[in-house]
Amino acid sequence: MSSTAPPEYQASKDADLPTEHAALVNTASWEAIYQDVSRQAVARSAYGAWRIIETELAASYGVSRTVAREVLARLKHVGILRKDQRGRWLLPTLTSERITQLYEMRWILEPKALRHATPNLPRQLLDDMRHELDAMLSQPDIVLPQKYDRLERRLHVELLSYGDNQILIETLQHYHALLIANAHLYDTTPSAYDVDPFMEEHLAIVQTLQAGQPNNAAGLLEDHLRGALDRVLGRIDYMVRHKSFDPLPYLKPLSDQAGP
């Protein structure tokens, strides 16, 4: 069983601080701004490509450049940012083509990761997930967007982390940009459904795992990800047509020619 946390949750060291205090202080510093920076970046990536200015990011949040660089490195790791040959931090456009490619990688890799995880899954984890899904499906009108984010991470991060193929788990972390995008979209766009289909799809996967049918569960997971693609594209299209965002000092637009 793997217990390695995704990199966005791991501690890091700050070269400017004494060694014995570095991990604690710097972890608090980057974690304090990571979620906000990630969601702000994902939201604006739907409107075009951007360059992120490290010094401006640090100044905007009142943190050191070391902390800002740590945040940007983690956003690169999960597939939100890139670096060009000149070492600039680039935020590529979240086009339908890019989203489709990211989802395609997920529906290839995640079912395989689920098969690896199944022998190590604690029964209590599956019981807890089923109980949580049943409770939310019984009262969907009062479910907060943060709960959707939790459900997504329980299935696509926590559950899959029990696999014994560490390289596969680390590879999947490069596609967590979509989890961050989904979390933002749940907060900012309305659902087209009274009950979001993903909850029933998650429940079917969990029930199938409880029944001892990992191959069938893996097939349901692939179907779930294929269906989720269209729903995400619809939410992003709604956001682009109906939402606007204030400019940020650390984001500079790139022309099509200069973009990633």
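In segment 216-231, what residues are touching a residue at least 40 places away in the same chain (Cβ under 8 Å) and among the hydrophobic types (A, V, I, L, M, F, W, C)?
Ala217, Ala218, Leu221, Leu225, Ala228, Leu229
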- Query: Within segment 57-66, restricting attention to residues that are open to solvent by less than 70 Å² (accessible area, probe 1.4 Å) and in contact (Cβ under 8 Å) with a residue 60 or more places away in the chain, which residue is farthest from Trp89 (Cα to Cα)?
  - Reply: Ser60
- Return the residue satisfying two criteria in turn: it lies in segment 162-184 and is modelled with pLDDT of 90 or more and buried (at least 20 other Cβ atoms within 10 Å of the Cβ), and of such residues it is nearest to the chain's Cα centre (by Cα). Leu172
- Taking Ile99 as meeting all but one of (1) among the β-branched types (Val, Ile, Thr); (2) more than 23 Å from Ser45 (Cα to Cα); (3) surrounded by 12 or more Cβ atoms within 10 Å (Cβ to Cβ), write down the number of the exception. (2)
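Conditions (1) modelled with pLDDT of 75 or more; (2) buried (at least 16 other Cβ atoms within 10 Å of the Cβ), marked per residue:
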| residue | (1), (2) |
| --- | --- |
| Lys13 | no, no |
| Leu17 | no, yes |
| Thr27 | no, yes |
| Gln35 | yes, no |
| Arg39 | yes, yes |
| Arg44 | yes, yes |
| Arg51 | yes, yes |
- Task: May I ask you to list the residues in segment 90-110 that are outside any helix (DSSP H, G or I) and not aliphatic (A, V, I, L, M)?
- Result: Pro92, Thr93, Thr95
- Item | Qualifying residues in segment 128-148 (those that are buried (at least 17 other Cβ atoms within 10 Å of the Cβ) and at pLDDT below 85) - the one nearest to the chain's Cα centre (by Cα) | Tyr148
- One residue from Gly79, Gly48, Gly87 being assigned to a loop (DSSP other than H, G, I, E, B) and farther than 20 Å from Ala183 by Cα: Gly87
- Query: Are there any helices (runs of 4 or more DSSP H) wholly within segment 120-224 with 1 or more residues that are under 27 Å from Thr95 (Cβ atoms), and if so which?
  - Reply: 145-153, 166-172, 177-188, 197-210
- Pair list, Cβ < 9 Å and 6+ apart or interchain, from segment 76-93 residues that are open to solvent by 60 Å² or more (accessible area, probe 1.4 Å) to residues that are assigned to a strand (DSSP E or B): Lys76/Arg82; Lys76/Lys83; Lys76/Trp89; Arg82/Trp89; Arg82/Leu90; Arg82/Leu91; Lys83/Trp89; Lys83/Leu90
- Kindly indicate the residue of segment 202-242 that is within 14 Å of Trp107 (Cα to Cα) and charged (D, E, K, R) and also least open to solvent (accessible area, probe 1.4 Å) among those meeting that condition. Glu222
- Item | In segment 94-140, the residues that are closer than 23 Å to Thr189 by Cβ and touching a residue at least 40 places away in the same chain (Cβ under 8 Å) | Leu94, Ser96, Ile99, Thr100, Leu102, Tyr103, Arg106, Trp107, Leu133, Met136, Leu137, Pro140
- Those residues of segment 47-82 which are of a type in the set (Lys, Arg), touching a strand residue (DSSP E or B) at 6+ places or on another chain (Cβ under 6 Å) and within 26 Å of Ile167 (Cα to Cα), in sequence order: Arg82
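The values are calculated or read from the model by the stated rules, or taken from the named source; none is laboratory data. Remember, predicted model here, so these are calculated numbers, not experimental data. As a convention, Cβ positions derive from the backbone with ideal geometry for all residues, glycine included, and neighbour counts pool all protein chains shown. Just the protein is used for accessible areas: all its heavy atoms, side chains included, with ligands, DNA and RNA removed. Shrake-Rupley method; radii C 1.70, N 1.55, O 1.52, S 1.80 Å.
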